[in-house]
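Reviewing the structure listed below.
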Protein chains: 2
Amino acid sequence: MKAIVNISLKAGVLDSQGKAVHHALDALNFSGVNDVRVGKQIVLELHDTDAKHAKEQVTQMCESLLANTVIEDYEIEIMA
Amino acid sequence: MKAIVNISLKAGVLDSQGKAVHHALDALNFSGVNDVRVGKQIVLELHDTDAKHAKEQVTQMCESLLANTVIEDYEIEIMA
């Protein structure tokens, strides 16, 4: 079973990496970009075969290690 | 229009960040994790209203700036 965790900065938190990418895209003449946000994607391969239990497990991992919940939001997607 | 770019290390490329996360999860007694891969997720807000054109544009951004295509793969998802 596979779990995909997408971690992004909360709205309102300054995303300096995103700003840098935005400036670099402008410098390369990619116009038409309004905003850039850079986050993390963590892919976990789990032994677990129960999707509900796996999601609980991964939620705990996010809360205790993967995400900084003060400034980051996370989304979990469980795939068979 | 929103474009989500998921950038991950190619299979076979050593993912030291993923290994570190895996060790940390083990240390926190999260058993049942086979493998961890850490990638990037870049969310772009585009002026573009044509999905096909937006995807071409973002593909060019990936090739020239966002991804290191020697060691990384990327996936683009266009959302209305």
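Throughout, read-outs are computed from the coordinates displayed, never taken from laboratory work. Keep in mind that this is a model prediction, so the values were computed, not measured. Virtual Cβ from ideal backbone geometry, glycine too; neighbours counted across all protein chains shown.
Where chain B is rotated onto chain A, the residue of B whose Cβ comes nearest the axis, and that gap in whole Å, is B:Gln41, 2.
Given 37 °C and 0.692 mPa s, compute D for the protein assembly as shown with the Stokes-Einstein relation, Rh being the Kirkwood radius over Cα pairs; round to the nearest whole µm²/s.
Working: Rh = 16.7 Å.
Translational diffusion coefficient: 197 µm²/s.
The C-alpha atoms of chain B define a longest principal axis, and helix B:16-27 lies at about 40 degrees to it. Each copy carries a label point for B:Leu28 at 7 Å from Cα along the beta-carbon vector; from one copy to the others these points are 3.4 nm apart, nearest first.
Note on B:Glu72 and B:Ser31: their simple-model spin labels are 3.6 nm apart, each label 7 Å out from Cα toward Cβ.
Rounded to the nearest Hz, the phi-derived 3J(HN,Hα) couplings of segment A:34-51 under the Karplus curve 6.51 cos²θ - 1.76 cosθ + 1.60 (θ = phi - 60°) are 7, 7, 10, 10, 10, x, 10, 10, 10, 10, 10, 9, 10, 5, 3, 10, 9, 4, where x marks glycine and proline. In deg cm²/dmol and to the nearest 500, what is the mean residue ellipticity at 222 nm of chain B if only DSSP H runs of at least 4 residues count, each as -39500 (n - 2.57), divided by the residue total? After summing the helix terms and dividing by the residues of chain B, the value is -9000 deg cm²/dmol. Taking amide H as placed 1.01 Å from N in the peptide plane, the amide H of A:Gly39 sits under 5 Å from that of B:Gln41, B:Ile42, B:Val43, each at least 5 places away or on another chain.
One equal scatterer on each Cα of chain B, no solvent, Debye formula: the resulting log10 I(q)/I(0) at q = 0.16, 0.20 Å⁻¹ is -0.67, -0.85. You can think of it this way: the chain between A:His53 and A:Leu14 has 10.6 nm of extra reach, that is 0.36 nm per residue less the Cα-Cα gap.
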